[in-house]
Amino acid sequence: MKQSIIKLASVLLLLSVLLCCVISCDKEKTPEHIDYAAEVKLDLTSDSAKAIDVTVKSYIDGDTTHFYVPTSISETGVLKARYLAVNTPESTGKIEEWGKKASKFTKEKLMSATSIILESDDSKWNLDSTGDRHLVWVWYKTAEMTEYRNLNLELLQEGLAIASNSAQNRYGTFCMDAITQATAEKLNVYSGERDDDFYYGEVISLDLKGLRCNVEDYVGLRVSFEGIVTRDGGNSVYVENYDDETDMWYGMYVYYGFNVSGEGLEILDVGNHVKVVGSVQYYETGDSYQISDVQYRIMKPDDPKNLQLLDNEKHDPSYRLTDPATFRNGKVSVIIGDEKKELAYAEAALYTSVEMKDLKVVSVYTTKNPASSSKGAMTLTCQAPDGTMIDVRTVVLYDENDELITGSYFLNKTIDVKGIIDYYNYKSDDDASTEDNTDFPYQIKLLSLGDVTVK
């Protein structure tokens, strides 16, 4: 008996020693985390093109930011930067796992920066495959830092981006090491875990009134609703639907980007009665909400997550004749479930089609910023017969001879308009007219010359 106890004790001791060895060996095998964003150094004397102390114009997503730069670098004064070596998951248009986290990470780092430097991979400023964005390294420094950090490498080592020609560039070795480390540490996109900021649940079905009046409650969620496609906005459409209870039309702006093609685009033709499925997202640049990540799977036309055509008839936009005073000062009481809310008329009717008559154009502001795709578009400040002031915003307009239409075409004329109620935050636009009605951010948007009748 005694010998058995001694043998058992010996075996347990041996197992303990072996276990300690295994634990010790595992610890030895665990590599030390390396901060590659600090390991790589910014050399201001190198031959690479650089923009010193730039500032952010707008945050787009994790790997794209628009910066104000000297006109010697970009004649528009704005450089649309696409980060070199990284490809973060999508967070605009199409919504992917970890996309919102990557976007938030980039924004927080740049917002904390006291100095930002952009660096090209060589002596020239190089465009990406779109021909619209420049490929750059982004360096930043905060008040607590003595040296600049490389944001591209930070995204890689945090596992918030996958490789994008990461080895074929100025800092290729650091990039590949950062990717290897993030993969080994199973960070974010390499974790195999669920993203807390990504919606995995079922599609939430609701009507446009419920969505429009509580849109903040659905941000990040996938929703479905039905309505009439009223206008084509270019990679986007406006959808509206009528509500009997309030005798109101409610609408949404649906951005489908490049996700939809073929039969999917045919479903989104103007006049179609459709079911839209997509993700509710806040669009920071426009300070507004929209539907993104719209999809159509041609092999699964009955998939509940698909766009769907609900009937074969063509429907006209409502173009509700709207009193300018109601548009500007009216209120709407809406009951959603057991909750009663009061909204401004223009807020409730946002993105629906309206008609207004007898507006006198008292001033015209033309967008002049060469960096804007709206250069040449106009804001017509109009006065209704009762004195109410309304802003009418046009796209860039051309006459039948393909000549640009300028402000003189409208100034001091009386017009009737058919357009879409739009939201525009003048205070966020450095190109906005000082005469704009900054206290009232709603306007009527005209999408073609046919939307206006000059009397």
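Report the relative contact order of the stretch 54-181, percent, no decimals, based on alpha-carbon pairs under 8 angstrom and at least 6 residues apart.
After rounding, I find 24 percent.
Specify the longest stretch of the chain that does not include any exposed loop site, a site being one of the GluC sites (Glu not before Pro) with a non-H, G, I, E, B DSSP assignment and at most 12 other Cβ atoms within 10 Å.
Here the longest run is 314-399.
Do you know the relative contact order of the stretch 269-374, to the nearest whole percent, from alpha carbon pairs under 8 angstrom that are 6+ apart?
Here the relative contact order equals 21 percent.
Filter LYS305/LYS375; LYS300/LYS341; LYS101/LYS305; LYS368/LYS413; LYS341/LYS418; LYS80/LYS341 down to the pairs with a C-alpha to C-alpha distance above 31 Å, please.
Over 31 Å Cα-Cα: LYS305/LYS375; LYS300/LYS341; LYS80/LYS341.
If you take the beta carbon distance between TYR242 and ASP47 as r and set R0 to 45 Å, what does 1/(1 + (r/R0)^6) give as a FRET efficiency, to the nearest 0.05?
Result of the calculation: an efficiency of 0.10.
Quick check: net charge around ASP128, other residues with Cβ under 13 Å of its Cβ, Lys/Arg +1 and Asp/Glu -1?
0
Taking 8 Å as the Cα distance limit and 6 or more residues as the minimum spacing, I'd like the relative contact order of the chain as a percentage.
Here the relative contact order equals 10 percent.
Of the trypsin sites (Lys or Arg not before Pro) in the stretch 142-210, which ones lie in a loop per DSSP and count no more than 11 other C-beta atoms within 10 Å?
ARG194
Starting from the Cα of LYS109, draw a straight line to each of the aspartates and glutamates and keep only those under 12 Å, dropping any in the same chain fewer than 8 residues away.
GLU154
Once a ≥ b ≥ c are taken as the square roots of the eigenvalues of the Cα gyration tensor of the stretch 86-241, is the result rounded (a/c under 1.5), prolate (a/b larger than b/c) or oblate (a/b not larger than b/c)?
Prolate shape, in that a/c is at least 1.5 and a/b is the bigger ratio.
Stretch GLU403-GLU342 to full length: gain in nm at 0.36 nm per residue minus the Cα-Cα span?
Value of the extension gain: 17.5 nm.
What accessible surface, in Å², does a 1.4 Å probe find on SER91, ignoring ligands, DNA and RNA and rounding to the nearest 10?
Probe radius 1.4 Å; accessible area of SER91 about 10 Å².
If you keep only loop residues by DSSP, which trypsin sites (Lys or Arg not before Pro) in the stretch 369-428 have at most 12 other Cβ atoms within 10 Å of their Cβ?
Passing sites in the stretch 369-428 do not exist.
The values are calculated or read from the model by the stated rules, or taken from the named source; none is laboratory data. None of the values given here were measured: they were computed from a predicted structure. As a convention, Cβ positions derive from the backbone with ideal geometry for all residues, glycine included, and neighbour counts pool all protein chains shown. The accessibility values were calculated without ligands, DNA or RNA, using every heavy atom of the protein model including side chains. Shrake-Rupley method; radii C 1.70, N 1.55, O 1.52, S 1.80 Å.
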